[in-house]
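The values are calculated or read from the model by the stated rules, or taken from the named source; none is laboratory data. Please read all numbers here as calculations on a predicted model, not as lab measurements. Note: ideal-geometry Cβ built from the backbone for every residue, glycine included; neighbour counts use all protein chains shown. Note: accessible area is taken over every heavy atom of the protein model, side chains too, but ligands, DNA and RNA are not part of it. Shrake-Rupley method; radii C 1.70, N 1.55, O 1.52, S 1.80 Å.
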Amino acid sequence: MSKQGEQWHREIDIVINKMKTEIKEIKVKHKDILKKHLDEIKQMQALMKQTLLAIKYIEKSTETIKTKSAKRPSGIAVDCNGDLLYSDGLTRTLNKIKNGQTEELIRLQGWIPGQLCVTSTGDLLVAMLSDVETQSKVARYSVSTEKQTIQFDGEGNSPYSGNNKIKYITENRNHDICVADSVAGAVVVVNWNSELRYKYTGYSSDDNPFNPRGITTDSQGRILTAYFDNHCIHILDQDGQFLHYIDNCGLQSPLGICVDIEDNMFVCERNNGNEKIKYISENRNHDICVADSVASAVVVVNRDGKLGYRYTGHPSITKNKPFKPRGITTDSQSHILTANRDNHCIHILDQNGQFLCFIDNCDLQNPLGICVDIEDNLFVCEYYNVNVKKIKYLK
């Protein structure tokens, strides 16, 4: 072979080897890409499997919990352990529900318990009324031991009105006890030592008599109270100085209010024309979920105020009455649960609004208020027969 031929062979070998190297590199690169895609698919499969298992293991086992008097509780709260507390006005008792069993914590003599509040230290504040309905007071309990009673001020007068109207109660971060007393037309604030600090009786520009309802506090110690008749929220500093109104949001008869850990405020309205309450909950992804029975929809808005979606019910032939969602809550898997009172069932959705299933074989009767504890047990209040049912719906 000539020298020229040898040179050509060498050049061809170089080109072939280079092509082999490039092809090998392409194979390795593609293999890595394919492996990455395969891993993503496996992750998706695992997530889908987890979701399917969650749906598969939805149980319909129920546990019915009745108040001892078979009447609606006067007040409810959840303690630091996630156990449900309730006051029973007819039996004059404060009770705890733990593992499906009702334990009587306190039996009052001569007093009727009302609204409850669990404090930052784990104590229980109870607003209560005398048997003859002429005096009101607030008591603080640690487990079943009374630690504090607030009944009279320094001049021997009661800071609260003596009547059977609801007195909403909360604790501020400085441990002040704040009571919204609608009959007295005042927010009454008492300090840790049972001393009356002040009474806030409204702002001079108010058109209607001040009748505060729901009350809450925020991370800065400000007090927010719902002014039902004037359709607004009053905001005070912790010393009772009026700061400003919230009155430009189209509020209609605000009743219940609360503030989350990021100082977002949630307001329940009571519509005078329809007598409906919008139930509100926050999901783990910070979506705000509202059950609006008048609109026949669960409305979900993200933390930026943008509409995520509206769930208007499931087209089941077995649920023949219009979808009118009432109570709403979320669980540890970000499922949304809402009570469909007229169809006697609970709807379960994923966080994107996709219907998953009903809870409808637990002999539910007109479910109204619902909540989920830290172990994903569902508690359902039934409207007419005064039951609280505990439903273990996930494994």
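The mean sequence distance of close C-alpha pairs (under 8 Å, at least 6 residues apart), as a share of the length of segment 276-394, puts its relative contact order at 17 percent.
May I ask you to derive the relative contact order of the chain, considering only C-alpha pairs under 8 Å and at least 6 residues apart, and to give it as an integer percent?
RCO, the chain: 10 percent.
Heavy-atom accessible area for Lys199, with the other protein chains in place and a 1.4 Å probe, reaches approximately 100 Å². For helix 3-56, report the angle its Cα long axis makes with the longest principal axis of the Cα atoms of the chain; keep it between 0 and 90° and round to the nearest 10°. Helix 3-56 sits at roughly 20 degrees to that axis.
In this model, which of Lys165/Lys321; Lys319/Lys392; Lys98/Lys321; Lys68/Lys165 are farther than 32 Å apart at the alpha-carbon? Among Lys165/Lys321; Lys319/Lys392; Lys98/Lys321; Lys68/Lys165, the Cα-Cα distance tops 32 Å for Lys165/Lys321; Lys98/Lys321.
In this structure, Asn320 and Arg72 have a Cβ-Cβ separation that, at R0 = 35 Å, corresponds to a calculated FRET efficiency of about 0.80. Note on the chain: with neighbouring protein chains present and a 1.4 Å probe, carbon and sulfur make up 50 percent of its accessible heavy-atom surface.
The slack between Asp207 and Ile12, meaning 0.36 nm per residue of separation minus the straight C-alpha distance, is 60.5 nm.
The convex hull of the Cα atoms of segment 276-394, projected and averaged over all directions, covers 6.9 nm². Show me the chymotrypsin sites (Phe, Trp or Tyr not before Pro) within segment 137-221 that DSSP assigns to loop and that have at most 13 other Cβ atoms within 10 Å of their Cβ. Sites meeting the loop and neighbour criteria: Trp192. Pairs with C-alpha atoms separated by more than 21 Å, drawn from the list Lys71/Lys389; Lys96/Lys390; Lys137/Lys199, do not occur.
Pull out a ≥ b ≥ c, the square roots of the eigenvalues of the alpha-carbon gyration tensor of the chain, then state rounded if a/c is under 1.5, prolate if not and a/b is larger than b/c, and oblate in the remaining case. Since a/c reaches 1.5 and a/b is larger than b/c, the shape of the chain is classed as prolate. Accessible surface area normalised per residue over the chain is 54 Å², counting heavy atoms of protein chains with a 1.4 Å rolling probe. Applying a DSSP loop filter and a limit of 10 other Cβ atoms within 10 Å to the chymotrypsin sites (Phe, Trp or Tyr not before Pro) in segment 286-395 leaves Tyr384. Counted without the sites themselves, the longest stretch of the chain free of GluC sites (Glu not before Pro) in a DSSP loop having at most 13 other beta carbon atoms within 10 Å is 276-374. Thr149 sits among other residues whose Cβ lies under 11 Å from its own Cβ, and their net charge, with Lys and Arg +1 and Asp and Glu -1, is +2. Computed with a 1.4 Å probe on the full set of protein chains, the accessible area for Leu394 sits at about 20 Å².
Taking 0.36 nm per residue of separation and subtracting the current Cα-Cα distance, fully stretching the chain between Lys165 and Gln148 would add 3.9 nm. Stretching Val294 away from Tyr309 to a fully extended chain increases their span by 3.7 nm, per 0.36 nm per residue minus the current alpha-carbon distance.
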